[in-house]
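Participant: First, the structure itself, so that you have it in front of you.
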Amino acid sequence: MKKAIKIALIILLATSMLFVLTGCGEKKVENNSVTNDQQEEQKVEISMGNWNNNVYTNDFLGLKFNLPEGWTYSSDEEIAEMMNLGAELLNDDQKAAAELAKLTSVTYVVANNPNTGNNVTIMSEKPAMEVTTEYYINQLKTQLAAVESINYEIGNISKETVAGREYDTLTVTANVSGIELTQKYFVYKMDEYFVCLLITTTNGDTDINNIVKSFK
């Protein structure tokens with residue numbers, strides 16, 4: 001059963017990551033009362049973030065994620081391989097920031113519960129042109145509906161709050177290898193970037209709501 005769940009989640013995650021997300025740069029702190037020089041000092045460079053005692057922190061994204069009990073997370077080497085980067089590059093903050101800024105998509109976290117198959121992926125994208133969050137998430141909806149290998153049942157777009165921030169959300173369900181899965185995309189726009197929290201579970205909204213509590 002665990003093997004079947006793992007295979008189903010790998011298929012679903014691989015398909016999902018085809019759509020979401022493209023490149024990054026610097027996050028500007030918006031404050032009209034400060035000078036240009038002060039604004040330059042307040043920029044937060046793109047960063048992969050870091051894990052400390054099972055707590056993931058990323059100042060660029062402005063979020064924390066407390067790893068739920070029994071979960072594991074992908075190593076720097078595994079994340080680097082997903083993005084076709086050398087793992088050694090991620091150990092050099094300046095080189096990593098410069099290289100990450102060139103990417104069309106960035107994956108920061110992949111964490112999962114090996115017993116249930118529930119997982120979380122944190123990603124970001126910088127679209128090639130200026131678009132609204134509504135447009136962006138509707139494009140995601142259209143792309144998922146066009147997938148031939150997985151028959152997604154696509155829900156409505158809504159707004160939800162996670163750790164004090166409002167997200168546009170999209171919930172989809174699918175049957176993969178005989179496993180019923182629920183997947184929820186939480187999307188918000190950060191300056192010219194889009195950030196996505198992608199939660200996949202085998203127990204519907206109940207597990208999703210519990211996992212959301214892990215974000216701070």
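The values are calculated or read from the model by the stated rules, or taken from the named source; none is laboratory data. Bear in mind that the values here come from a model prediction, so they are computed numbers and not experimental data. Note: ideal-geometry Cβ built from the backbone for every residue, glycine included; neighbour counts use all protein chains shown. Calculation scope for accessible area: heavy atoms of the full protein, side chains included, ligands and nucleic acids excluded. Shrake-Rupley method; radii C 1.70, N 1.55, O 1.52, S 1.80 Å.
Participant: Cβ-Cβ under 6 Å, sequence separation 6+ or interchain: first residue in the stretch 51-74 and without any contact (Cβ under 8 Å) to a residue 60 or more places away in the chain and farther than 12 Å from VAL109 by Cβ, partner part of a loop (DSSP other than H, G, I, E, B) and of a type outside the set (A, V, I, L, M, F, W, C). Which pairs?
Facilitator: Note: pairs meeting the criteria are PHE60/SER47; GLY70/ASN113.
Participant: Give the stretch 153-191 a look and list any residue that's open to solvent by less than 10 Å² (accessible area, probe 1.4 Å), more than 24 Å from LYS64 (Cα to Cα) and either without any contact (Cβ under 8 Å) to a residue 24 or more places away in the chain or not β-branched (Val, Ile, Thr) (or both), or say none.
Facilitator: Across the stretch 153-191, the qualifying residues are ALA174, LEU181.
Participant: Hey, another quick one. Which one of these does ILE208 not meet: (1) open to solvent by 20 Å² or more (accessible area, probe 1.4 Å); (2) at pLDDT 90 or above; (3) in a helix (DSSP H, G or I)?
Facilitator: Every condition holds for ILE208 apart from (1).
Participant: Same structure, new question: Among the listed residues ILE157, ILE179, ILE150, ILE199, which satisfies the condition of being closer than 27 Å to MET48 by Cβ and among the aliphatic types (A, V, I, L, M)?
Facilitator: Details: ILE157 fails: closer than 27 Å to MET48 by Cβ; ILE179 fails: closer than 27 Å to MET48 by Cβ; ILE150 fails: closer than 27 Å to MET48 by Cβ.
Unique residue meeting the criteria: ILE199.
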